[in-house]
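Have a look at the structure below before the remarks.
The values are calculated or read from the model by the stated rules, or taken from the named source; none is laboratory data. All values derive from a computational prediction rather than experimental measurement. Cβ coordinates were reconstructed from backbone atoms using ideal geometry, including for glycine residues, and neighbour counts include every protein chain displayed. Note: areas computed on protein heavy atoms with side chains; ligands, DNA, RNA excluded. Shrake-Rupley method; radii C 1.70, N 1.55, O 1.52, S 1.80 Å.
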Amino acid sequence: MITRETAEDPYDDEPWTAAPATPAEWRFLIGEWEEIRHGHHLGDTRARVLECARHLRASVAAGGPDTALWTFGLLLTGPYVLYARPDAAAEARVLEAMAEVERALGQASCAHEAHPCDDVLLDEELDNLPAVLEMLADGDAAGPAAAQLWPDEEGAESWFEGRMTREAWTCPRNLTAFARAFPA
């Protein structure tokens, strides 16, 4: 396995980009993550993915409220990291960031009976992940994105329908399971 110690990173001293501060800024970033996933990003893809990994590690260390957004952002850009293989250092940083989520949040307990990670198959559900990210960025599961896409139906079968709540998606156990499944 590649580790940061064995991979030289020529971009180690790059300045940090400020994290999004508004839902609109998050939506723009989520759109870029989707472009990266689909191979259509015209910007510096490697830098954008590493930026996400940096922010994830910082958010985890600080117990920040945006940990779920950064975790799912890396999950969404995962196909680029795993299949395009930008370089060993980038891959190592992304894998380390996801491992940090598991180390920091992996022992958390919760009262939830179920989590989205229990039912979601990564390969099949990445198309729905941007909507989850938008819901989290809006800060309100009952906001306009959730209301339009997932009516609140009793007994809904999908985590992308009536059971889509901020609490379930941001639960430390849910984040840990997604981070653990990342390199799979």
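Taken over the range 52-94, the residue count meeting the criterion of being open to solvent by less than 30 Å² (accessible area, probe 1.4 Å) and not acidic (Asp, Glu) is 25.
Which of the residues belonging to the range 77-90 are modelled with pLDDT under 90 and of a type outside the set (A, V, I, L, M)?
Here is the first cut: in the range 77-90, the ones modelled with pLDDT under 90 are 78-90.
Within the range 77-90, Gly78, Pro79, Tyr80, Tyr83, Arg85, Pro86, Asp87 qualify.
Where residues in the range 91-113 are assigned to a loop (DSSP other than H, G, I, E, B) and at pLDDT 85 or above, which of them is farthest from Ala58 (Cα to Cα)? Selected residue: Ala111. Report, by residue number, each residue of the range 114-130 that is at pLDDT 70 or above, under 19 Å from Pro183 (Cβ atoms) and over 15 Å from the mean Cα position of the chain (by Cα). Of everything in the range 114-130, nothing turns out to be at pLDDT 70 or above, under 19 Å from Pro183 (Cβ atoms) and over 15 Å from the mean Cα position of the chain (by Cα).
Could you say which residue among Ser59, Ser109 is of a type in the set (S, T, N, Q) and under 15 Å from the mean Cα position of the chain (by Cα)?
Details: Ser109 fails: under 15 Å from the mean Cα position of the chain (by Cα).
Unique residue meeting the criteria: Ser59.
Among the residues of the range 15-35, those identified as open to solvent by less than 40 Å² (accessible area, probe 1.4 Å) and not in a loop (DSSP other than H, G, I, E, B) are Trp26, Leu29, Ile30, Gly31, Glu32, Trp33. Would you confirm, using the coordinates I've provided, whether Leu74 is within 18 Å of Met135 (Cα to Cα) and at pLDDT 85 or above? Yes, satisfied. All of Leu69, Leu56 fail the test of being modelled with pLDDT of 95 or more, of a type in the set (A, V, I, L, M) and touching a Gly at 6+ places or on another chain (Cβ under 8 Å), apart from Leu56. Scanning the range 87-110 for residues that are touching a Lys or Arg at 6+ places or on another chain (Cβ under 7 Å), aliphatic (A, V, I, L, M) and either farther than 15 Å from Ala47 by Cβ or free of Cβ contacts under 8 Å to residues at least 40 places away in the same chain (or both) turns up Ala92, Ala108. Considering only residues in the range 95-117 that are hydrophobic (A, V, I, L, M, F, W, C) and either in contact with a Ser or Thr (Cβ under 8 Å, 6 or more places away or on another chain) or over 16 Å from His55 (Cα atoms) (or both), the one that is surrounded by the fewest Cβ atoms within 10 Å (Cβ to Cβ) turns out to be Ala111.
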